[in-house]
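What follows draws every value from the coordinates through simple rules; no lab data is involved. This one's a predicted model, so the numbers in the text were calculated from it and none came from an experiment. Here the Cβ positions follow ideal geometry from the backbone for every residue, glycine too, while neighbour counts run over all protein chains shown.
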Amino acid sequence: MFQSSAELVRRGGTLALLGYPVTSSEVSYGDWQSRELTVVGSLAYTHSDFVGAMRALADGSVDAGPLIRGTVGLAELLALLEELDSGETPHAKVLVAPNG
């Protein structure tokens, strides 16, 4: 996957790797080096982004309620993870309540 993406980048261009891959990928380091590609990765968020989001949730200026599609206890967590992994789920965000 990474190599095929890199092949679309012009010589001297930049390849941005976003998100987390779910499979292993092989790349042609020699190709990337000879074409002088710049490769950057991004986590998409910084620490200050998380701090700002937590403050907005805590002070009530952002209501996360509409995003939450369910709450599960630890006993239901494995089944939920399997459902999420299947790709066939109505859930966007699910809270895990350790005590029930």
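Short-range pairs are left out: with C-alpha atoms under 8 Å and at least six residues apart, the relative contact order of the chain is 23 percent. Across the alpha-carbon set of the chain, the Rg to Rh ratio works out to 1.13, Rh being the Kirkwood radius. Over the range 2-42, the alpha carbon radius of gyration divided by the compact-protein estimate 2.2 N^0.38 Å works out to 1.11. Amide H contacts of Val39 (H built 1.01 Å from N, in plane; Pro and chain starts excluded): Leu15 sit under 5 Å, all sequence-distant by 5 or more or on other chains. Simple rule: put +1 on each Lys or Arg Cβ and -1 on each Asp or Glu Cβ in the chain, find the dipole, and look at Gly19, Gly41, Thr89; the Cα lying farthest toward the positive end is Gly41.
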